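Trainee: Dumping the structure here so I can ask a few things about it.
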Amino acid sequence: MEIPLYEKIYINLLNQIETGKIQPGDQVPTERELADQFQVSRITSKKALDKLVQIGAIERIRGKGSYVSMTLPDFGTVDSKNQLEQREHQDQDVNGLIGLIIPEFFSDSFGRIMLNNIEKRCSELKFNLLVKLTYGSQEQEEEAIHSMIQQGVKGIIICPVHGQHYTANLLRLVLEGFPLVLIDRYLKGIQACAVYTNNKTATQELTEFLFSKGHKHIAFVSPPEEYTSSIEERIQGFMTAYSQREMGVSPNYLLTDIFCTLPTFRQSEQVFEDEMKLQKFIEENPQVTAFIACEYEIACVLAQVLKSLGKSVPKDYAIACFDHPGRLYNAMVFTHIQQDEEFIGIKTVDLLFKQIQGEKVPIQNMIDFKLVEGNSVSNITLPAHVRS
């Protein structure tokens, strides 16, 4: 297996100390200087210095820097250059590890195809894939990033958890230029490479499609946006479709407190609570004839609530959503936005590989989509009391 970059720096400094090029008491280059010299992140250069501290070759003096120890270790008892080079030749067919951090296992409606293509592309580039789940927890995300760095991953693909704040470890990766690609969303105000669907345009087209079928009162249903770019942009697309028709949209038509699809809330009690919210919304807004669900699973919950109220889809209500697992799962095929999961997966790995190779990559990488017409939307003739 190829020697990790931090070990190459470690070998270089160790050789200089062993041969006397750097004498006991001399200051060694700083993390930043090593990062610039070897064209790596500061995380990588820090790991090299940490390893030299561990074997007693250097000492850190707080506020001053790192210095060669006055009493050097027995170099015959530590990893030598030859020992590390032997490790490099143990497996010439593998370039190293790539980390993938996701909130949960991807579903058939969205993510499974993308994950398959991430793994396939990693294999083609001779990388092994290390996967960790965060279950929607920022603490778990922090730990996953830390663990992957400790295991020497060359780069990380991450789908950040929902939340108003970014984790410290994630921000550190960005600031230190560690090879990183965000998937399915981006970080607002942070210059990190991201691959995601053109959510705003997709939702705008979905809303326009419902307008074209005669629906004027359309509601948008989603989890809280909480600085999650994909949800925010879908809401923006929904609002834009209304504004382009010079139609006002009631704030009441944005139902953005559905939690049952989030990893930390997926319990039967939460599903019941969300069903009650949807039922109340339907009863209080009789003028609404169509819904856009931010996710396929929300569309399913909504359809079940309508059925319990004696309403049918598409006769009484239209439902459109993002993503769909296909006809094998249900006779109802929602009109939906089909994200290009295959291309997203391949594009993500390719952008990460370029960063590992030291190349600069675009920050925003929006992927196209396709609107698929199902059997959940039909033309309507509105009764008189709903036409206004």
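Trainee: Return the residues of the stretch 307-327 that are surrounded by fewer than 19 Cβ atoms within 10 Å (Cβ to Cβ) and not acidic (Asp, Glu); say none if nothing qualifies.
Mentor: Answer for the stretch 307-327, where residues must be surrounded by fewer than 19 Cβ atoms within 10 Å (Cβ to Cβ) and not acidic (Asp, Glu): Lys307, Ser308, Leu309, Gly310, Lys311, Ser312, Lys315, Pro325, Gly326, Arg327.
Trainee: Further question: So which residues in the stretch 18-65 are surrounded by 19 or more Cβ atoms within 10 Å (Cβ to Cβ) and of a type in the set (Gly, Ala, Ser)?
Mentor: Residues satisfying the conditions are Ala35, Ser41, Ser45, Ala48, Ala57.
Trainee: Which pairs do you get when a residue that is at negative phi and without any contact (Cβ under 8 Å) to a residue 24 or more places away in the chain, found in the stretch 337-355, comes within reach of a residue that is of a type in the set (Val, Ile, Thr) and surrounded by fewer than 22 Cβ atoms within 10 Å (Cβ to Cβ), reach meaning Cβ atoms under 7 angstrom, with the pair 6+ apart or on two chains?
Mentor: What qualifies is Lys354/Val361.
Trainee: Considering every residue within the stretch 321-341, establish whether at least one is within 23 Å of Phe272 (Cα to Cα), at pLDDT 95 or above and not in a loop (DSSP other than H, G, I, E, B).
Mentor: Checked the stretch 321-341: at least one residue is within 23 Å of Phe272 (Cα to Cα), at pLDDT 95 or above and not in a loop (DSSP other than H, G, I, E, B).
Trainee: Would you mind finding the one in Asp50, Asp74 that is without any contact (Cβ under 8 Å) to a residue 12 or more places away in the chain and within 30 Å of Glu359 (Cα to Cα)?
Mentor: The conditions single out Asp50.
Residue by residue, here is whether (1) β-branched (Val, Ile, Thr); (2) out of contact with any Phe, Trp or Tyr (no Cβ under 7 Å at 6 or more places or on another chain); (3) closer than 20 Å to Leu97 by Cβ; (4) not assigned by TED's automatic domain parsing to the domain that holds Leu206 holds:
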site	(1), (2), (3), (4)
His324	no, no, no, no
Ile346	yes, yes, yes, yes
Gln355	no, yes, yes, yes
Glu359	no, yes, yes, yes
Pro362	no, yes, no, yes
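Trainee: In addition: Quick one: which residue in Val288, Val301 is within 25 Å of the chain's Cα centre (by Cα) and either within 15 Å of Tyr317 (Cβ to Cβ) or of a type in the set (A, V, I, L, M) (or both)?
Mentor: Val301
Trainee: Now for a different question. Going residue by residue through the stretch 298-306, is there one that turns out to be in a strand (DSSP E or B), at negative phi and surrounded by 14 or more Cβ atoms within 10 Å (Cβ to Cβ)?
Mentor: No; the residues of the stretch 298-306 include none that is in a strand (DSSP E or B), at negative phi and surrounded by 14 or more Cβ atoms within 10 Å (Cβ to Cβ).
Trainee: Taking Glu283, is it over 31 Å from the mean Cα position of the chain (by Cα) and either of a type outside the set (Gly, Ala, Ser) or surrounded by fewer than 20 Cβ atoms within 10 Å (Cβ to Cβ) (or both)?
Mentor: Yes: the conditions hold for Glu283.
Trainee: Would you mention how many residues in the stretch 131-141 are touching a strand residue (DSSP E or B) at 6+ places or on another chain (Cβ under 9 Å) and crowded, with 17+ Cβ neighbours inside 10 Å?
Mentor: Of the residues in the stretch 131-141, 4 are touching a strand residue (DSSP E or B) at 6+ places or on another chain (Cβ under 9 Å) and crowded, with 17+ Cβ neighbours inside 10 Å.
Quick grid of which residues meet (1) at pLDDT 90 or above; (2) of a type outside the set (Ser, Thr, Tyr):
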site	(1), (2)
Gln83	no, yes
Gly96	no, yes
Glu104	no, yes
Ser107	no, no
Asn117	yes, yes
Lys120	yes, yes
Ser123	yes, no
Phe127	yes, yes
Lys132	yes, yes
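The values are calculated or read from the model by the stated rules, or taken from the named source; none is laboratory data. As the structure is a computational prediction, the values presented were derived from the model and not from experiment. As a convention, Cβ positions derive from the backbone with ideal geometry for all residues, glycine included, and neighbour counts pool all protein chains shown.
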